[in-house]
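Asks: Sharing a structure, written as structure tokens. Questions coming.
The values are calculated or read from the model by the stated rules, or taken from the named source; none is laboratory data. Every value quoted in this text rests on a predicted model; they were computed, and no experiment measured them. Here the Cβ is made from the backbone with ideal geometry for all residues, glycine too, and neighbour counts use every protein chain on show.
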Number of protein chains: 2
Amino acid sequence: MKDMPTGALTIVGLGPGNPDQMTPEAAAAIAAAEHFFGYFPYLDRLSLRPEQRRHASDNREELARAKAALAMAAQGGKVCVVSGGDPGVFAMAAAVCEAIEEGPPEWRSINLEVIPGVTAMLAVAAKAGAPLGHDFCAISLSNNLKPWEVIEKRITAAAQAGFVMAFYNPVSKARPHQLGEALELLRRHLPADVPVIFGRAAGRPDEVIRVISLAEAASGMADMATCIIVGSVETRVIPREGDEPLVYSPRSYKGGSA
Amino acid sequence: MKDMPTGALTIVGLGPGNPDQMTPEAAAAIAAAEHFFGYFPYLDRLSLRPEQRRHASDNREELARAKAALAMAAQGGKVCVVSGGDPGVFAMAAAVCEAIEEGPPEWRSINLEVIPGVTAMLAVAAKAGAPLGHDFCAISLSNNLKPWEVIEKRITAAAQAGFVMAFYNPVSKARPHQLGEALELLRRHLPADVPVIFGRAAGRPDEVIRVISLAEAASGMADMATCIIVGSVETRVIPREGDEPLVYSPRSYKGGSA
């Protein structure tokens, strides 16, 4: 049994979308693999050789995709699962681990590697200044996989404890109202002038980075490809003539309260 | 006045330490700069050309370093400030923004760019599986810049709200006892079997990744170059024969309570 092929599965983060923000480690992993599983817009970013095979799927099919990739690796395939950003942040690495835990014992001996990447909140933060320069948290606003009350509890706890927040998956067609509810909740806990950054396609040609006050933030400013960063009571905005303002969260705690 | 040179300042994230985890965008920014400011171990990672100049400084001198870099850029220099990991996460981007806010008005017109990178918690998480696969937060344990009570409040809030936590700057010679206090606090709010990951030099030849239960976690397992990830009550450990266990936080909320 020890001689059977165990294959290899590599889970790769492509970064936020600009090819110059994908690491050489990720590029080498892609060059070495034979089969590619992922949400089709991510597979479309790859420049594959003719013999490299694409197995595209829709989003919300992560667990089925993970199982198909593991089954192929267990048969000896050199398999690559791709995620945008970092595969460990609200992405495919957790889905693959979940499939391994639920799956046949031999999946645990597949040679598994996770290649990190630049996750969306880091790319958006870089464009705005340094809003994540102090303690922060990352919350997925999707309630496909957790109750909305849990999300509300976490937003409230983060606001009260002084964390800057990054929101992933802020809206979708099936969930048009949640971001609005989250912003209402934030307005109950934070001052009206706390800065909110809506970042879309950071680092790509169609990039849009918008800085606005919490009072003026509205759910229509985001789509499912937007990452939103909500400042804390200590986050600062520096106006710049003829340029976007700089937003940063000071390293030092000044004792501001919400 | 509009014709005076305003120079350029680029704040670059080198990634966790493995050169293959630095983005091409960061490499291009380094190639284009003339003057390099940073903590000396980070500058030691660069392969500079003879005409490129190093201005190394010690850590805990971030604000002075930022001001020196801005002053040189304001005189027309092509200046690069380097950080390990991502410059926006407990690193130089916030120090530069702070210096701009405090500094002379002309510093606001310096052409400023922040180049994101793979921050330590992403590299450590990738080596362990997917511990950051659900909502998480990042907390600096250094109380050089904030009171310890604020750190305790945030750890408690994060544990009670179900966030996975990544700790940066867990110990230093000046702060040998804080990590132990943080672990004691966590043990009051989380079950003894919650997994804790101590990750040092992830992706480098001297990498050490250690997975241990919260009950057994001890401050002596970390130094100032360690990033620690503390699971939530829902984080899972998958044993693997002849290999390290996989640690992941499921995408779905299962309703576990601390």
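Asks: Just wondering, is there one or more residues in segment A:79-88 that are under 22 Å from residue B:246 (Cβ atoms), away from every other protein chain (no Cβ under 13 Å), of a type in the set (A, V, I, L, M, F, W, C) and surrounded by fewer than 20 Cβ atoms within 10 Å (Cβ to Cβ)?
Replies: No; the residues of segment A:79-88 include none that is under 22 Å from residue B:246 (Cβ atoms), away from every other protein chain (no Cβ under 13 Å), of a type in the set (A, V, I, L, M, F, W, C) and surrounded by fewer than 20 Cβ atoms within 10 Å (Cβ to Cβ).
Asks: Would you mention how many residues in segment A:212-247 are of a type outside the set (Ser, Thr, Tyr), touching a Pro at 6+ places or on another chain (Cβ under 7 Å) and part of a strand (DSSP E or B)?
Replies: The qualifying residues number 8.
Asks: Regarding residue B:33, is this residue surrounded by 19 or more Cβ atoms within 10 Å (Cβ to Cβ) and either touching a residue at least 60 places away in the same chain (Cβ under 8 Å) or not assigned by TED's automatic domain parsing to the domain that holds residue B:228 (or both)?
Replies: Yes; evaluated as a whole, the condition is true for this residue.
Asks: To continue, here is another question. Among residues belonging to segment A:135-149 that are facing chain B (nearest Cβ under 7 Å) and over 12 Å from residue A:182 (Cα atoms), point out the one that is modelled with the lowest pLDDT.
Replies: For segment A:135-149, the residue satisfying everything is A:145.
Asks: In segment B:200-241, which residue that is under 18 Å from residue A:93 (Cα atoms) and under 15 Å from the mean Cα position of the chain (by Cα) is surrounded by the fewest Cβ atoms within 10 Å (Cβ to Cβ)?
Replies: Going through the qualifying residues, I end up with B:203.
Asks: So which residues in segment A:183-199 are within 14 Å of chain B (Cβ to nearest Cβ) and surrounded by fewer than 23 Cβ atoms within 10 Å (Cβ to Cβ), if there are any at all?
Replies: Across segment A:183-199, the qualifying residues are A:185, A:189.
Asks: Which residue out of A:99, A:73, A:95 is over 27 Å from residue A:205 (Cβ atoms), more than 7 Å from chain B (Cβ to nearest Cβ), surrounded by 24 or more Cβ atoms within 10 Å (Cβ to Cβ) and touching a Leu at 6+ places or on another chain (Cβ under 7 Å)?
Replies: Of the residues listed, the single one that is over 27 Å from residue A:205 (Cβ atoms), more than 7 Å from chain B (Cβ to nearest Cβ), surrounded by 24 or more Cβ atoms within 10 Å (Cβ to Cβ) and touching a Leu at 6+ places or on another chain (Cβ under 7 Å) is A:73.
Asks: All but one of (1) within 12 Å of another protein chain (Cβ to nearest Cβ); (2) of a type in the set (D, E, K, R); (3) in contact with a Pro (Cβ under 9 Å, 6 or more places away or on another chain) hold for residue A:45, so report the exception by its number.
Replies: (1)
Asks: Taking the options A:174, A:161, name whichever one is within 14 Å of chain B (Cβ to nearest Cβ), aliphatic (A, V, I, L, M) and over 18 Å from residue A:130 (Cβ atoms).
Replies: That would be A:161, the only listed residue that is within 14 Å of chain B (Cβ to nearest Cβ), aliphatic (A, V, I, L, M) and over 18 Å from residue A:130 (Cβ atoms).
Asks: Out of (1) assigned by TED's automatic domain parsing to the domain that holds residue A:243; (2) more than 15 Å from the chain's Cα centre (by Cα); (3) in contact (Cβ under 8 Å) with a residue 60 or more places away in the chain; (4) not in a loop (DSSP other than H, G, I, E, B), what's the single condition that is false for residue A:144?
Replies: Looking at each condition in turn, residue A:144 falls short on (4).
Asks: Mind checking which residues of segment B:4-30 are more than 11 Å from chain A (Cβ to nearest Cβ) and either surrounded by fewer than 23 Cβ atoms within 10 Å (Cβ to Cβ) or more than 18 Å from residue B:119 (Cβ to Cβ) (or both)?
Replies: Passing the criteria: B:4, B:5, B:6, B:7, B:8, B:9, B:30.
Asks: Next up: Limited to segment A:47-92, what total is found for residues that are free of Cβ contacts under 8 Å to residues at least 40 places away in the same chain, assigned to a helix (DSSP H, G or I) and under 22 Å from the mean Cα position of the chain (by Cα)?
Replies: 6
Asks: Among the residues of segment A:109-126, count how many are part of a helix (DSSP H, G or I), within 8 Å of chain B (Cβ to nearest Cβ) and crowded, with 21+ Cβ neighbours inside 10 Å.
Replies: Total satisfying the criteria: 4.
Asks: Provide a single number: the residues in segment A:19-46 that are more than 22 Å from the chain's Cα centre (by Cα) and either in a strand (DSSP E or B) or among the aromatic types (Phe, Trp, Tyr) (or both).
Replies: Total meeting the criteria: 1.
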